[in-house]
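One structure below.
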Amino acid sequence: MSTTAPVITPAPANTRGRVILASLIGTSIEFYDFYVYATAAVLVFPSLFFTSQDPTTALLSSFAVFGVAFIARPVGSILFGHFGDRIGRKGTLVGSLLTMGIATVLIGCLPTAQVPGWEFWAPFLLVVLRFCQGLGLGGEWSGAALLATENAPAGKRAIYGTFPQMGAPIGFIVANVLFLILSLTISPDAFAAWGWRIPFLLSAVLVIVGLYVRLKLVETPAFQKVVDTGEVAKLPLARVFRTSWRQIVLGTFIMLATYVLFYLMTAFTLTYGTTAATTEQARAAAEKAGKEFAAGSFVPGLGYSRNDFLIMLIIGVVFFGIFTLVAGPLAERFGRRKTLIWVTIGIIVFGLLFVPLFAGGTIGVMALLIIGFTLMGLTFGPMGAELPELFATNVRYTGSAVAYNLSSVLGAAVAPTIAVWLWSMAGGSTVWVGVYLSAAAVLTLIALLLSKETRDVDFTDNVS
């Protein structure tokens, strides 16, 4: 009598290429959106959406709307974290991508306040859509990091965790190359009339590709096991604060130096680098723009043209991308904690070198950008594994999202404003800006010293 052995069908799994693309696409849109909006907020939004205000107030209003996303991000981390830990990573990632992408495209479709009857509704809807962007962003990074790390083979979580991190340099390069092309091919009047809409509308391409890839995903093995064993948390937010509040605090400050460094290397250096270096340059620029020059409030910068400095930034960001990928194998070999401790010490030293590097002419500025973005890659790369590994599987989405976005409020939301204020208070010197970066890195170093290595934690059977 013969028996036939049962055929065991292996559970469906996500391919490596699908994991890379699905985790990368959302963070690419996230950082693409940041630069697109930030550039438009400076160049055209004050005159297009805040027409009844004087130029200074209009610019402040435009940046205030920019900051709305940082208010929305913690809300988004709670909202999408809840569903990510309740219904799964796949469905939540689709929701965060659609929320973020549709809002970005709709900004490109908005009538401006120059259109009769839209004086109130245009800026109001801009605020609403910016808030929706922030909601989507609040859940995007954590879900992308979990998609990558929970699908990673044994011993490769830190390497897979760099996939979503690569969205930062890719988004920066795509957005700024696009603005460079527009500045070289259309006139400033054409850009103000319709050209500014192009970057927002083009994000629809990224959203469509991302949606197609994410709909083809299967649930991660780690979350599927939570479902199979009946360990899904009914209220993930309450449970993560009850069981893992210490990890939330540590994760928030472990990420702090990364956020401060990123926004100083991008938003602040662009402002400082393109500000006139002398009173004569500033006066000539004001006369060319038909504006009154206020000598008493002038703070000197480096005096580069915007296009020239953008090219320098793009070169620096190439190093950001390279060393984000390098950081994964380093964190896998030496551990996340040890790797981040040494990089953070490097950031502390780097902050103290701002003045001599900025004073070194183009070579010195280029060296500052390359060193800064290299450190940025080395600290940002391991975070895709470090923050998720702090939390149990059934509260991992909520915990890592809350820590990541609380850090964005403490670091990203205020860093450009604090840096500009310190630069102004020092009469054009960057000495206190560098000290500010070093101080943030000291807080991160303390958090790392208080934390434990997470390389060997149980990433699948660990539940809260």
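Points to keep in mind about this one:
- One residue stands out among those in segment 414-464 that are among the small types (Gly, Ala, Ser) and part of a loop (DSSP other than H, G, I, E, B): the one that is modelled with the lowest pLDDT, which is Ser464.
- Listed by position, the helices (runs of 4 or more DSSP H) inside segment 1-119 whose residues that are of a type in the set (Phe, Trp, Tyr) and modelled with pLDDT of 90 or more number at least 2 are 55-86.
- From the options Leu261, Leu217, residue that is at pLDDT below 90 and either under 22 Å from the mean Cα position of the chain (by Cα) or not in a helix (DSSP H, G or I) (or both): Leu217
- Filter pass, Thr362 being at pLDDT 95 or above, assigned to a helix (DSSP H, G or I), in contact with a helix residue (DSSP H, G or I) (Cβ under 7 Å, 6 or more places away or on another chain) and among the hydroxyl-bearing types (Ser, Thr, Tyr): no
- Residues in segment 205-255 that are at negative phi and small (Gly, Ala, Ser): Gly210, Ala222, Ala233, Ala238, Ser244, Gly251.
- Within segment 285-338, being in a helix (DSSP H, G or I), without any contact (Cβ under 8 Å) to a residue 40 or more places away in the chain and among the small types (Gly, Ala, Ser) holds for Ala285, Ala286, Ala289, Ala295, Gly296, Ser297.
- If the condition is being surrounded by fewer than 14 Cβ atoms within 10 Å (Cβ to Cβ) and among the charged types (D, E, K, R), then segment 175-220 contributes Asp189, Lys216.
- Filter result for Asn176 (in contact (Cβ under 8 Å) with a residue 12 or more places away in the chain, more than 30 Å from Ile87 (Cα to Cα) and of a type outside the set (Gly, Ala, Ser)): yes
The values are calculated or read from the model by the stated rules, or taken from the named source; none is laboratory data. The model shown is predicted, which means the values in this text are computed figures rather than measured ones. When we count neighbours, we look across all protein chains shown, and the Cβ atoms used for this are built from the backbone with ideal geometry, even at glycine.
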